[in-house]
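Comments concern the structure below.
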Amino acid sequence: SRIALGIGFIATGIALFIGVIIGGLMGYFSGVVDMIGMRLVEIFEAIPTLFLLLTFVAFFGSDLYIMMAIIGLTSWTGYTRYLRAEFLKLREQDYVQASVALGLPLRSILFRHMLPNGVAPVLVGASLGVASAILAEATLSFLGLGLVDSPSWGQMLNQAVQQSAFNWWMAIFPGGAIFLTVFAYNLIGDALRDAI
């Protein structure tokens, strides 16, 4: 669970950091910046994360940090879209216009005044992103391309099907752990959506 949760949190943190910065700039400036940013988002959305992970593992070997970086660098687009939509709405608000009129620096306007008011959909997406990253790592480990020196739920599932007969007792516990973890993060995302 330590490996799965570590990959989930760090990959989602990387994606959240990139998505918040790019989405904030796109939503605040709009126009040409928004158009170029949306084309960049569409390019990254066209990259399949699992196949990119398989390619990097085949060429460079299985490394925890490479897996975290690839999952984070390919999953920031959803956060960018959420924050862009919120910032497009928030930039017309009176307090933002007052901040601009007072001459506050751009980073203060974006990340001190607008971000706390527009972060709600991003937090919901982040909880679901942790679950997606855990599933990606478990899939790689199940295929035998995950981390070699550290145990993970995907490796345990892989061991259950290695013998000639399916060993259900070796598969039910890691499978149940993956299911319960992903289900818990999806419930957290739904609860955050309802609360915010």
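The values are calculated or read from the model by the stated rules, or taken from the named source; none is laboratory data. It should be emphasised that the depicted structure is a prediction, and the values quoted were computed from it without experimental measurement. Here the Cβ is made from the backbone with ideal geometry for all residues, glycine too, and neighbour counts use every protein chain on show. Heads up: the accessible areas ignore ligands, DNA and RNA and are worked out on the full protein's heavy atoms, side chains in. Shrake-Rupley method; radii C 1.70, N 1.55, O 1.52, S 1.80 Å.
Within the stretch 174-194, identify whether any single residue is in contact (Cβ under 8 Å) with a residue 60 or more places away in the chain and either outside any helix (DSSP H, G or I) or of a type in the set (K, R) (or both), and answer yes or no. Yes, the stretch 174-194 has at least one match. Flag not set for A46, criterion: in contact (Cβ under 8 Å) with a residue 24 or more places away in the chain and farther than 14 Å from E137 by Cα. Selection of the stretch 61-105 for residues being within 23 Å of the chain's Cα centre (by Cα), β-branched (V, I, T) and open to solvent by 40 Å² or more (accessible area, probe 1.4 Å) yields only I66. Annotation: G13 fulfils all but one of (1) open to solvent by less than 50 Å² (accessible area, probe 1.4 Å); (2) within 16 Å of E86 (Cβ to Cβ); (3) not polar (S, T, N, Q); the unmet one is (2).
F51 fulfils the conditions (1) over 26 Å from R84 (Cβ atoms); (2) of a type in the set (F, W, Y); (3) open to solvent by less than 80 Å² (accessible area, probe 1.4 Å) except for a single criterion, (3). Scanning the stretch 34-51 for residues that are of a type outside the set (G, A, S) and touching a helix residue (DSSP H, G or I) at 6+ places or on another chain (Cβ under 6 Å), we see that the one that is nearest to S108 (Cα to Cα) is D34. Checked against (1) more than 19 Å from G154 (Cβ to Cβ); (2) of a type in the set (D, E); (3) out of contact with any helix residue (DSSP H, G or I) (no Cβ under 7 Å at 6 or more places or on another chain), E86 passes all but condition (3). Number of residues in the stretch 149-160 that are assigned to a loop (DSSP other than H, G, I, E, B) and over 19 Å from L50 (Cβ atoms) equals 3. Scanning the stretch 110-166 for residues that are open to solvent by less than 30 Å² (accessible area, probe 1.4 Å), under 23 Å from M26 (Cβ atoms) and of a type in the set (V, I, T) returns V122, V124.
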